[in-house]
Amino acid sequence: MNPYSKYKQASSLSWTRIDMLLVIYDQAVLALDEGRRLLGENRASELGPVQLRAMRALVAIVDGLDLRQGELPIQIVRLVEFSLDQIRSSSPNAWHSAAEVINTLRSGFQQIQEQARNDEYEGRIPALGAVS
């Protein structure tokens, strides 16, 4: 096995649930910011693919939630629903509001990133790829 393949394999072993979640949040925020920028520059004709990327990322966030885990996942669903509703608009302010909400959620997960990694490595939460 060449060194690059070993590196690639080792990198995938360190991928955790929180890492994946933060990438999804990052993609959502990037798409929401891009949509706001396009609308602010009166380039609404270019919004379609950006809106679709934002919607996919937001739906991925909801898809990963276990609604049996109490009130927190339900609140996240409500915030994502708000964001989805905002991006139906062609208002840069609405897109900005959606980005702020999702960015706030992302920041919360960033604050617990190390603890979540440790919990996954030590088996307190299921590892990524583990059957739940």
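Mean sequence separation of contacting Cα pairs (under 8 Å, at least six apart), scaled by the length of the chain, corresponds to a relative contact order of 32 percent. On the chain, 54 percent of the accessible area sits on carbon and sulfur atoms, based on a 1.4 Å probe. The charge dipole of region 30-132, taken about its Cα centre with unit charges on the Cβ atoms of Lys, Arg (+1), Asp and Glu (-1) only, comes to about 240 debye.
The residues of the chain expose on average 65 square angstrom of accessible surface per residue, using a 1.4 Å probe on protein heavy atoms. Output the 0 to 90 degree angle, nearest 10, between the alpha-carbon long axis of helix 47-63 and the longest principal axis computed from the alpha carbons of the chain. Between helix and principal axis, roughly 40 degrees.
For region 9-132, the residue among 61, 16, 125 whose Cα projects farthest onto the positive side of the dipole built from Cβ charges is 61.
For the chain, the spread of Cα coordinates along the three principal axes comes to 50, 43, 24 Å, biggest extent given first. Counting only DSSP H runs of at least 4 residues, each contributing -39500 (n - 2.57), and dividing by the residue count of the chain, the helix-based mean residue ellipticity at 222 nm comes to -24500 deg cm²/dmol.
The values are calculated or read from the model by the stated rules, or taken from the named source; none is laboratory data. The shown structure was predicted, so the numbers you read here are calculated from the model rather than taken from an experiment. Neighbour counts run over all protein chains shown; Cβ positions are idealised from the backbone, glycine included. Side chains included, ligands, DNA and RNA excluded: accessible areas come from the protein's heavy atoms. Shrake-Rupley method; radii C 1.70, N 1.55, O 1.52, S 1.80 Å.
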